[in-house]
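Participant: Please see the structure below; I have some questions.
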Amino acid sequence: MDAYVYLRNICMGNFTLSVAGLIPGYWVSFLSNDSWRLKLIQLVGFVVCSILFIIMGSA
């Protein structure tokens with residue numbers, strides 16, 4: 001397999017996962033900014049990112 005194709009496939013996979021997580025997370029944070037406190041939104045984001053990193057690291 002060509003190195004360019006291999007790296008492109010990895011980049012596209014990472015891009016897909018980033019878009020799937022970042023865009024919905026941005027909108028949830030934007031819409032809940034008034035009802036939740038800022039520290040709570042940051043804490044939830046940190047916990048969710050930590051869980052996702054643990055899952056990806058163990059795979």
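Participant: Given a cut-off of 19 Å, what percent of all Cα-Cα pairs of the chain lie beyond it?
Facilitator: Working: 789 of 1711 pairs.
Of all Cα-Cα pairs in the chain, 46 percent lie more than 19 Å apart.
Participant: Also, I was wondering about something else. Test of the criteria: in the range 1-44, which chymotrypsin sites (Phe, Trp or Tyr not before Pro) are in a DSSP loop and have at most 15 other Cβ atoms within 10 angstrom of their Cβ?
Facilitator: Taking the range 1-44 and a limit of 15 other Cβ atoms within 10 Å, the loop chymotrypsin sites (Phe, Trp or Tyr not before Pro) found are Trp36.
Taken together, the values in this text are just the output of simple stated rules run on the coordinates, not laboratory data. Quantities reported herein were computed from a predicted structural model and do not represent experimental measurements. Virtual Cβ from ideal backbone geometry, glycine too; neighbours counted across all protein chains shown.
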